[in-house]
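Below is one structure; the comments refer to it alone.
The values are calculated or read from the model by the stated rules, or taken from the named source; none is laboratory data. All values reported here derive from a predicted model rather than from experimental measurement. Using ideal geometry, Cβ is built from the backbone for each residue, glycine included, and neighbour counts are taken over all protein chains shown.
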There are 2 protein chains.
Amino acid sequence: MSRGTLTVVGLGPGNTSQRTPAAAQAIAEADVVIGYSSYVDACADLLGAHQTVIRARMTEEAERAEQAVNAAMAEHRVVLVSSGDAGVYGMATLALQKVTELPEDTRPQVKVLPGITAALAASALVGAPLAHDFATLTLSDILNPWHEIERRLRAVAVADLALALYNPRSATRDWQLSRAREVLLEYRPADTPVALVTDAERPDQRIVLTTLSDMDVTLVDMRTIVLVGSSTTVRSGQWLFTPRTTGQAR
Amino acid sequence: MSRGTLTVVGLGPGNTSQRTPAAAQAIAEADVVIGYSSYVDACADLLGAHQTVIRARMTEEAERAEQAVNAAMAEHRVVLVSSGDAGVYGMATLALQKVTELPEDTRPQVKVLPGITAALAASALVGAPLAHDFATLTLSDILNPWHEIERRLRAVAVADLALALYNPRSATRDWQLSRAREVLLEYRPADTPVALVTDAERPDQRIVLTTLSDMDVTLVDMRTIVLVGSSTTVRSGQWLFTPRTTGQAR
């Protein structure tokens, strides 16, 4: 086994007060720090002149993972940074795919450090809409066929789970969120509470509380998490919360 | 509006290195800290003689929430601590229920601070099994009827989501996990990867990697998170990970 190490780190929503000490320590102790440039900026306070810092472009995720694995094979202590939790639609699975393709005696040691994922950062800002059973789904059909995404939306709606939608809308994916709303409205009432949380815990943070039927999809972009309540989610003033009981128990 | 504040804080999995600085600061600055006793122990390093510390029993969650709200109405700075994320099967929703029952001019200011929830702490320890769409379900039928839990399990299985099971088994709830396995095996192959993660990030941490058919339910207790892969989740040696694509996209 190589003496190099690869630590895949989730930075949380973007403010240093919600970044774990374990993540901060791993970054400060690394020889090499690799990440999409705005994620590297989010940990700039931890970086020093003795470190190699590699700022990657957004679209080059697989190359970024490979670069990190290669640096770790060269016996460096490498940190690959993701926003939120690196294990939720993040870099951890790409890094593990690359590492497990290697012959066992050449693999660097790998560690994954969790972070506050976007759904939970957004949820806390509006109360506790994910306090009972919930699902996270991505609406991006770049890596997934739309019919499969729609099938999952239907099943989650049938299960009456609260829902956090990642990658809900972008300049080139402008119809998916409206279609998702149509699908959900087949199962859930028009007044189902919805929160649109954009740039959670960053200077440009925006929060819009609305309903499934009134949601203005043009307020949503790639930095927005869309939270959709279950049938039991309550809105009271500025708060959304889902009770921890779904009905008569034993 | 009362000048008191109620901050509901998630401590993360239990080690201080995965507790956020925002959570630590809120606890250190509080006049009153309330929580189940083992959660209070988990933040003992932050507590001082100037603070009122109330250690509650596990079963008194609603009373604990009410006590916290009452202390905040008396103009104290109150912190209510939960393990993991207070917004995921935690105290936040109970606190918000109590607060929103009050007349508006008597309500304390409320804030919810997120934490690393148990599912994500467990997931990071075994790789990235929750890297694509996933659901969290509780198997506790104390607050929820079993037929509803089973209906949700079926829908999540149909949706092919990875799954994190909270409250999977206890001394008095000893058949639910076996029944959940039977339900899931109607939809997923016997060799579906499963991880049993108990006491994540604590001194007694135990990790068992197994499969849906081979899972030994007697290794599971209330401090265990059960992670069940989707149809695409891979096991390679000590790692579980779910690729970020489910098939041919556009």
Q) From B:Leu125, B:Leu165, which residue is more than 7 Å from chain A (Cβ to nearest Cβ), hydrophobic (A, V, I, L, M, F, W, C) and surrounded by 24 or more Cβ atoms within 10 Å (Cβ to Cβ)? A) B:Leu165
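Listed here are the residues, each with its yes/no results for (1) among the hydrophobic types (A, V, I, L, M, F, W, C); (2) under 28 Å from A:Pro103 (Cα atoms).
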residue: A:Arg3; (1), (2): no, yes
residue: A:Val9; (1), (2): yes, yes
residue: A:Arg19; (1), (2): no, no
residue: A:Asp31; (1), (2): no, yes
residue: A:Asp41; (1), (2): no, no
residue: A:Leu46; (1), (2): yes, no
residue: A:Ala62; (1), (2): yes, yes
Q: Just need a number here: residues in the range A:224-250 that are among the basic types (Lys, Arg) and modelled with pLDDT of 95 or more.
A: 1
Q. When B:Thr172 is evaluated against the numbered criteria (1) modelled with pLDDT under 95; (2) under 26 Å from A:Arg152 (Cα atoms); (3) not hydrophobic (A, V, I, L, M, F, W, C), which criterion, by number, is the only one it fails?
A. (2)
**Q.** Tally, over the range A:76-92, of residues that are over 22 Å from the mean Cα position of the chain (by Cα), closer than 30 Å to B:Ala118 by Cβ and part of a loop (DSSP other than H, G, I, E, B)
**A.** 0
Q) How many of the residues making up the range B:37-87 are touching a strand residue (DSSP E or B) at 6+ places or on another chain (Cβ under 7 Å), among the β-branched types (Val, Ile, Thr) and either in contact (Cβ under 8 Å) with a residue 40 or more places away in the chain or over 22 Å from B:Ala24 (Cβ atoms) (or both)? A) 5
Q) Going by the structure shown, is A:Arg151 of a type in the set (Lys, Arg), touching a helix residue (DSSP H, G or I) at 6+ places or on another chain (Cβ under 8 Å) and more than 28 Å from A:Gly14 (Cβ to Cβ)? A) yes
Q.
Taking the condition of being facing chain B (nearest Cβ under 9 Å), assigned to a helix (DSSP H, G or I) and either farther than 18 Å from B:Pro243 by Cα or β-branched (Val, Ile, Thr) (or both), how many residues in the range A:93-116 meet it?
A. 4
Q.
Here is a check on your reading of the model: is B:Thr136 assigned to a helix (DSSP H, G or I), crowded, with 24+ Cβ neighbours inside 10 Å and free of Cβ contacts under 8 Å to residues at least 60 places away in the same chain?
A. no
**Q.** Enumerated strands (runs of 3 or more DSSP E) restricted to the range A:1-75, each holding at least 3 residues that are closer than 24 Å to B:Ser123 by Cβ
**A.** A:5-10, A:32-36
Q. Based on what the data block shows, is B:Leu113 of a type outside the set (Gly, Ala, Ser), touching a Gly at 6+ places or on another chain (Cβ under 9 Å) and free of Cβ contacts under 8 Å to residues at least 40 places away in the same chain?
A. no
Q) Within the bounds of the range B:228-245, is there any residue that is closer than 28 Å to A:Thr245 by Cα, buried (at least 22 other Cβ atoms within 10 Å of the Cβ) and not β-branched (Val, Ile, Thr)? A) yes
(Q) Checking the condition within 16 Å of the chain's Cα centre (by Cα) and within 14 Å of chain B (Cβ to nearest Cβ), which residue from A:Thr224, A:Thr136 passes? (A) A:Thr136
Q) Hey, any hits in the range A:184-202 for a residue that's buried (at least 22 other Cβ atoms within 10 Å of the Cβ), within 22 Å of B:Leu96 (Cα to Cα) and touching a Phe, Trp or Tyr at 6+ places or on another chain (Cβ under 7 Å)? A) no
Q: Please find, among B:Thr93, B:Thr117, B:Thr136, B:Thr100, the residue that is modelled with pLDDT of 95 or more and touching a His at 6+ places or on another chain (Cβ under 8 Å).
A: B:Thr93
Q. How about the range A:24-45: which of its residues are among the hydrophobic types (A, V, I, L, M, F, W, C) and in contact with a Ser or Thr (Cβ under 9 Å, 6 or more places away or on another chain)?
A. A:Ala24, A:Ala26, A:Ile27, A:Ala30, A:Val32, A:Val33, A:Ile34, A:Ala42, A:Cys43
Q.
Looking only at the range A:91-117, filter to residues that are more than 21 Å from A:Glu60 (Cβ to Cβ) and hydrophobic (A, V, I, L, M, F, W, C); which one of those is surrounded by the most Cβ atoms within 10 Å (Cβ to Cβ)?
A. A:Ile116
